[in-house]
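What follows draws every value from the coordinates through simple rules; no lab data is involved. Just so you know, these numbers come straight off a predicted model, no measurement behind them. Please note: Cβ atoms are built from the backbone with ideal geometry, for glycine as well, and neighbour counts cover all protein chains shown.
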Amino acid sequence: MSNTDRLHTADEEDPDRQETHWHGYNEQDEEQDEEPSDAPLERLNRDIDKLIRGEYQAPHLRGYLIPKLDNGVRPLAIPPAYDRVLQRALAQILTPALEKLMYLHSHGYRPGRSRMTARYDIQAAWRAGYRWVYESDIEDFFDSVNLQRLRDRLAAIYGDDPLVNAIIGWMSADVQFQNETIQRKNGLPQGAPLSPLMANLMLDDFDSDMEKAGFYLIRFADDCVPRRRTGGRSPPCGYAA
């Protein structure tokens, strides 16, 4: 059973719990998660030093189930507040450099981009004659990311920088849910500030491969719209993906 399934079935086995537990993340939950600290800036500086030395240990994540509009639930795995601050600080440092590597037509979780810029990109592609469309999304992408491949991708960019181990530690952190600790070997935690950046880093390879296969790919997070001017004799889009 996958980590996501365990988060789902924990409440599905008891329908009454669906109405009373894990309906969202709120300030009371955060207060219970936090360790006492009278000097948060001092703690941040200590944690940054640990990151640089390769000694930082990612804390456990807290699991939540958030209701979706389709009557399902979305599992979140959220770090404590002090750790979120640290992840956001690192994301601000990494994002400008990684942005230079990203595919031109990806729009999710990127500075200055949104669903509206994806819409304009699709309209521009239509005007340019790309009339063959294959709308798709990558099923369970966040939960299925191979962390060894992510490590290899980070190592190709940053070498033996200790931040590589720190990022993998964050992405593989255990989840505490209903008095149970769920160990994770793969997947990106939805709720961790670094996860969107790591998702785009992994999906950038997909973008490049689809472009090489002859598709004009427009992507927002794990939803994508590959387009072609004609059907042609090249491999079908689903096969190429």
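Structure notes:
- For segment 94-227: span of alpha carbons on each principal axis (Å, largest first): 53, 36, 27
- Normalised by residue number, the volume inside the convex hull of the Cα atoms of segment 71-117 is 129 Å³ per residue.
- Summed side-chain charge close to Pro96 - residues other than Pro96 whose Cβ falls under 15 Å, Lys, Arg +1, Asp, Glu -1: +3
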